[in-house]
Each structure stands twice: as structure tokens, then as C-alpha cells.
1. I'm trying to understand the selection: among the residues of region 171-194, which are β-branched (V, I, T) and either under 18 Å from the mean Cα position of the chain (by Cα) or not in a loop (DSSP other than H, G, I, E, B) (or both)?
2. (1) over 19 Å from the mean Cα position of the chain (by Cα); (2) touching a residue at least 40 places away in the same chain (Cβ under 8 Å): which one isn't true of K165, the others all being true?
3. For region 1-82, list the strands (runs of 3 or more DSSP E) that sit wholly inside it and hold at least 1 residues that are of a type in the set (D, E) and over 17 Å from the mean Cα position of the chain (by Cα); which are they?
Amino acid sequence: MRYGFIIDNRKCIGCHACTTACKAEHLVPLGVNRTWVKQVEKGEFPNTRRLFSVMRCNHCTEAPCVEICPVEALFFREDGIVDFDNRRCIGCKSCMQACPYDALYIDPENHTAAKCNYCSQRVDIGLEPACVNVCPEHAIISGDMENPDTEIAQLLAREQVTARKVSKGTVPNVFYSNGDEASLTPSLTERSNEYFWNSQSLGVGHYAKEAEKLAFSNGDAIQALMQSNGQAATAGEVAQNGPSKSIDLMLGKPRRIYDTPEKAYSGAGKFPVMC
């Protein structure tokens, strides 16, 4: 028995329902995510395309996070799910450095590591993970990849799929149908704090509340958020610097327009983000 996921990029509409369901199921704090939808703009205006890719723990068969954990807080279940026990975690962040998928984070409330656990509490009673259950397009398929009667096993047998960073030797168990390299390979797009619909440049995790205070302290909250992300400009700035950055996002090479924030922790500095 070996559980895994297929993300069908032909169906994903970027609704973020999976992210929301995951946060609700596990009470994930503000500023961190166990699963998220990465978005990339590709093409040259007006011939552009937006790519969506669901990112999460890959539940690797050779998971480096399990090998490096000094207290065995991360472990393999018999069904292949990489689970964790936060009662054992000492918050050393070794797992975060070992994981090539940026799937782990430090919970800003209890200060221990956390990640997607395949909704193991739901799997144990015969239910699908929350993200699978809520997806309106059935773009996330889960199940036992070694059981030929399951949908995921049949899809893997007849369709061409790709995975992230297979060269790392982790044997990932999350596969993508019609996965685009611009979305799945981090080095093909630059990382920026200037994304649509967020205030990442202001802070995340422990600093999210302070960022919210800063953004909403101005009279026009929406304008403050847009300006903080470089998505708005005055008439004088437009005259001096040209079009706004939101237009620039649709020009030239592929660019990320939504991704997880860089992870900042109180007193611990920052780790490089490898999504």
C-alpha cells in the first residue's frame, strides 16, 4: 500500500478551495499553509496563459525530512504517508532544510514543525483528504497507487505524468498531469514579494498581525495593500516610470503571481525558499 496524489492541471481553476479546506480541517494558523496553489503567468501580452499548480508535501518514499529528524517526530506510516508527531518535535528546523519542496513550516502558535499529513485522521476512517473532497473540478485525485482498482493507479498506468525534483532522489508521490515546467521548476521564474492579492512584503507568520495593522492603518486599506505590493501607483509615478507592475506581469518571460510567502520566524532569521 502506497498513498499518493495526482494533480490534474487540465482541470485546476485556481480557486484555492483546497487551501481553504486544509486550513479549516487542521486549524492552520494565519501566514502559513500546508497546501497552496502556485500561479504563474506565461506568454506575451495579449497571448498569455495562467498556470495553476497545487503544491504540498510530496510524501516521498525516500523522505529526507524523516531521515534527518533527530527525535523521530516525522515518520513513515505503513500506507506510505509521511506523518508527524508535534509532541516530539523540538523545533530544530532540520526537516525544513532537508526538504527540497519547502513543504514544512514552523507553526507560529506552538513553535513546532508542521506539514500536510495526507489528512491521515480522515484516511483512517475511510474518508478522502479534505482537499480532494472539496475540489469542485476533481483536479486532485488521491488513493492507493499500488491497488490497480483505484482511480489514481489507473491514471498512472495510462497517462503521462511528471513530478517535482525527481533528481533529488526522494521518490515523490505527488504527480502532475499536464504539468508545466514553468510552474513546477522554481528556477524558471523569479521569486518576488510583489504578488497579486497578498501582502507578503509586509510580513508573515509571527509578523502577520503587525503587517495587518500597518496595512489597515491608512485611510484606504485596499490602496495601502496594493501600494505595499507594488500593484498601484500615482499618476506621477506612472508618468515617470511607465506602466504599473501589474501590466508588466503579463509581459516577457514566465512570472509567479502567487506563491507561499518567504518564511520569517521570530529570532530565527529566514531559510531559503525552494518551492
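1. Of everything in region 171-194, those that are β-branched (V, I, T) and either under 18 Å from the mean Cα position of the chain (by Cα) or not in a loop (DSSP other than H, G, I, E, B) (or both) turn out to be V174, T185, T189.
2. K165 satisfies every listed condition except (1).
3. Result: 35-44.
Just so you know, all these numbers are worked out from the coordinates, no wet-lab data involved. Source: prediction; values computed, not measured. All Cβ positions, even for glycine, are placed from backbone atoms using ideal geometry, and neighbour counts span all protein chains on display.
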